[in-house]
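The values are calculated or read from the model by the stated rules, or taken from the named source; none is laboratory data. Quick caveat: nothing in here was measured; it's all calculated off a predicted structure. Counting neighbours? That spans all protein chains shown, and the Cβs are built from the backbone with ideal geometry, glycine included. Calculation scope for accessible area: heavy atoms of the full protein, side chains included, ligands and nucleic acids excluded. Shrake-Rupley method; radii C 1.70, N 1.55, O 1.52, S 1.80 Å.
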Amino acid sequence: MRTFIGIDFDVKVKNGIKAVQSIVRENSQRGRFKYIGNFHLTLKFLGEISEEQIPFINEVLEASSKEVGSFGLNIEDIGFFGGGGNIRTLWLGLGGALASLDLLYKKIEEGLEGSGFDKEKRPYTPHITIAQDLILKTGFAELRESINLKDIPVIYAEKVSLIKSEEIQGKRIYTPISTFQLRGK
């Protein structure tokens, strides 16, 4: 099964992100837009795993959640990966308790390293994907000016989950396999 480790958001945060996404959609010729239920923060993409690997991953998540307490994040930026004629990935960037987020990320990376999961070579860049393969009607700078990120509520990161990603009837669906309360120091 295809999986990743991530942090889910409450419905108010998802609705705030959806409002921003709606402005992007209005200012786009075309693109693929993330479904509101799939807005999340990825900590580590695992790819294909077996059922037998789940207990080990759960041990790592449980140990990590004992090290890091809950924390708050703010959506502070909008940007993109890719260039040229289209935007490969349009994302929302984060601020707030990034030191806590980074610690959680590092604990998970360290816990999984050497057990069939490669350590990420690129630096961790926390972001929330809202659209892909986007072609805008206007320039990105104009789009950025039209968006107010201050209306999106604070993201309270209280849990970390192992999440299954599957395609069901042509739609990408994310289903938590296991979830652990962040209860560290």
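The residue of region 86-107 that is surrounded by the most Cβ atoms within 10 Å (Cβ to Cβ), among those that are without any contact (Cβ under 8 Å) to a residue 40 or more places away in the chain and out of contact with any strand residue (DSSP E or B) (no Cβ under 6 Å at 6 or more places or on another chain), is Leu103. Pairs meeting the criteria (first residue in region 15-37 and more than 20 Å from Asn148 (Cβ to Cβ), second residue of a type outside the set (Phe, Trp, Tyr) and open to solvent by less than 10 Å² (accessible area, probe 1.4 Å), beta carbons under 8 Å, at least 6 apart or on different chains) are Arg30/Leu134; Gly31/Val24; Gly31/Leu90; Gly31/Ala131; Gly31/Leu134; Arg32/Ala131; Arg32/Leu134. Residues that are among the hydroxyl-bearing types (Ser, Thr, Tyr) and farther than 21 Å from Ala63 by Cβ within region 80-132 comprise Thr89, Thr125, Thr129, listed in sequence order. Of the listed requirements (1) modelled with pLDDT under 95; (2) in a helix (DSSP H, G or I); (3) surrounded by 18 or more Cβ atoms within 10 Å (Cβ to Cβ), Glu110 misses just one: (3). Within region 133-146, being in contact with a helix residue (DSSP H, G or I) (Cβ under 9 Å, 6 or more places away or on another chain) and surrounded by fewer than 17 Cβ atoms within 10 Å (Cβ to Cβ) holds for Lys137, Ser146. If you check Ser165, Ser161, Ser146 for being under 16 Å from Glu62 (Cα atoms), in contact with a Ser or Thr (Cβ under 9 Å, 6 or more places away or on another chain) and at pLDDT 90 or above, only one passes: Ser161. A Cβ distance below 8 Å, combined with a sequence gap of six or more or placement on separate chains, defines the contacts here; from region 133-156, residues that are farther than 20 Å from Arg88 by Cα reach residues that are basic (Lys, Arg) and exposed (fewer than 15 other Cβ atoms within 10 Å of the Cβ) in the pairs Pro153/Lys12. Going through region 157-185 one residue at a time, which ones are touching a residue at least 40 places away in the same chain (Cβ under 8 Å) and over 20 Å from the mean Cα position of the chain (by Cα)? Result: Arg183, Gly184, Lys185. The residues of region 128-160 that are in contact with a Gly (Cβ under 6 Å, 6 or more places away or on another chain) and among the hydroxyl-bearing types (Ser, Thr, Tyr) amount to a single one, Tyr156.
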